[in-house]
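Since every read-out is calculated from the coordinates, none of them should be taken as a lab result. Predicted model, so just to flag it, every value in this text is computed and none were measured. Note: ideal-geometry Cβ built from the backbone for every residue, glycine included; neighbour counts use all protein chains shown.
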Amino acid sequence: MARENYGDLLAFLAVAREQSFTKAAAQLGISQSALSHAIRLLETRLDVRLLNRSTRSVTPTEAGDRLIASITPHFEEIDAEVVAVKGLRGKLSGTLRITTADYAFHTVIWPKLQELLPAYPDLKVETIIDHGLTDIVAQRFDLGIRYGDQVAKDMIAVRIGPDIRMTVVGAPQYLKGKSRPRTPQDLLGFRCINLYLASYGGLYAWQLEKGKSEVQVRVDGQVSFNGIVQVVEAVVAGFGLAFIPEDLAEPHVKAGHLQYVLQDWSPVWPGLHAYYPSRRQSSPALRLVVDALRYRK
């Protein structure tokens, strides 16, 4: 029997249950004539009478009773599963694996997950901090988080943050008694805190911009780290100048712990994006997390 005819079976069960075409039609929200037509078509397809009709009542035939007994449990099971699926709205389960850099984790991902996860106790999230350009398909990650210009063209990308302004900063105790750098080349005379990025082959060269001018400077210093959070801690502690996102620097500048340097050489980078291989492969858990991370102005 074709699936599009399952509606006729439901109509038959409604009539048998109510023992009335009038009551069943009202329950189904259709006209009595449409219901009668559906039952006749069902009996014609099965080539057997399912209902005994009289002016006072409607009762199942022997064949009708057999059909009711055989199909009712299946429709009840379907109803139960539909209710259970609706209940998953607050009970999504499974494990979602995310690869990201520490900056994205601390500024976007963790704040949003703290709001989301309490409502979904069966959902698990594994977050791997990795500054390399990880192949999320080969490494079996569900979701990657990177700057917009680092996302491969064949990925589905969703913006999760605004564009990022980078800035050079230093602690007052380090800058005290020193002449401030006026050009990017002046940074070579200062102790700087380096960021180690395996995807760039080692220490990251500071990429400074002023208008249409772009300059790369390979700075030197006593310490280097492979995480931006550690770089911020080191610059606040006075170990030299650092090149960090302005949103990380601003609270320390307002508190008097840091000062801006070379502000007119502060480039703007594309904002953070979440990305994954294909919409066809996205799970309810993935869609939920991506929507929670989505950037809304």
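Overview of values
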| quantity | calculated |
| --- | --- |
| For the stretch 230-235, 3J(HN,Hα) per residue [Karplus equation, 6.51 cos²θ - 1.76 cosθ + 1.60, θ = phi - 60°, Hz, x = Gly/Pro] | 5, 4, 4, 4, 5, 5 |
| Cα gyration tensor shape of the stretch 164-269, rounded if a/c is under 1.5, else prolate or oblate by comparing a/b with b/c | rounded |
| Estimated vicinal HN-Hα couplings, Hz - the stretch 109-126 in sequence order (Karplus 6.51, -1.76, 1.60; Gly, Pro = x) | 5, 5, x, 6, 5, 4, 7, 7, 4, x, 7, 9, x, 8, 8, 10, 10, 9 |
| The stretch 5-59: C-alpha gyration tensor shape, a/c 1.5 cut-off, then a/b vs b/c | oblate |
| The chain: relative contact order in percent, alpha carbon pairs under 8 Å with at least 6 residues between | 21 |
| Added length on full extension, which subtracts the Cα-Cα distance from 0.36 nm per residue, Ile78 to Thr55 | 4.9 nm |
| Calculated from backbone phi, Karplus (6.51, -1.76, 1.60) coupling profile of the stretch 147-164 in Hz, x at Gly/Pro | 5, x, 7, 9, 8, 4, 5, 8, 9, 7, 10, 10, 5, 10, x, x, 4, 10 |
| Interchain or long-range residues, amide H under 5 Å from Asp220's placed H | Cys192 |
| For Leu51, residues with placed amide H under 5 Å, excluding near neighbours | Thr61 |
| Residue order, fewest to most beta carbons within 10 Å, for His252, His273 | His252, His273 |
| Mean separation of Cα contacts under 8 Å, 6 or more apart, over the residue count of the stretch 164-269: relative contact order % | 47 |
| Theoretical FRET efficiency, 1/(1+(r/R0)^6), r = Cβ-Cβ of Lys176 and Gln230, R0 25 Å, to 0.05 | 0.60 |
| Between helix 62-87 and the chain: long-axis angle, C-alpha atoms, 0 to 90°, nearest 10 | 20 |
| Computed helical MRE - 222 nm, the chain, DSSP H runs ≥ 4 contributing -39500 (n - 2.57), nearest 500 | -10500 deg cm²/dmol |
| Which of Ser33, Thr99, Trp265, positive extreme of dipole for the chain (C-beta unit charges) | Trp265 |
| Charge dipole magnitude, Cβ of K and R +1, D and E -1 - the stretch 164-269, Cα centre, debye nearest 20 | 300 |
| Nonlocal amide H pairs with Leu258, under 5 Å, H built at 1.01 Å | Val253 |
| FRET E, pair Lys112, Gln27, Förster distance 41 Å, beta-carbon r, rounded to 0.05 | 0.35 |
| Using alpha-carbon coordinates, inclination of helix 284-293 to the longest axis of the chain, degrees | 40 |
| 28 Å Cα-Cα threshold exceeded, pairs from Lys176/Lys254; Lys178/Lys254; Lys112/Lys254; Lys112/Lys176; Lys176/Lys297; Lys176/Lys210 | Lys112/Lys176; Lys176/Lys297 |
| Prolate/oblate/rounded call for the chain, Cα gyration tensor, a/c under 1.5 rounded | prolate |
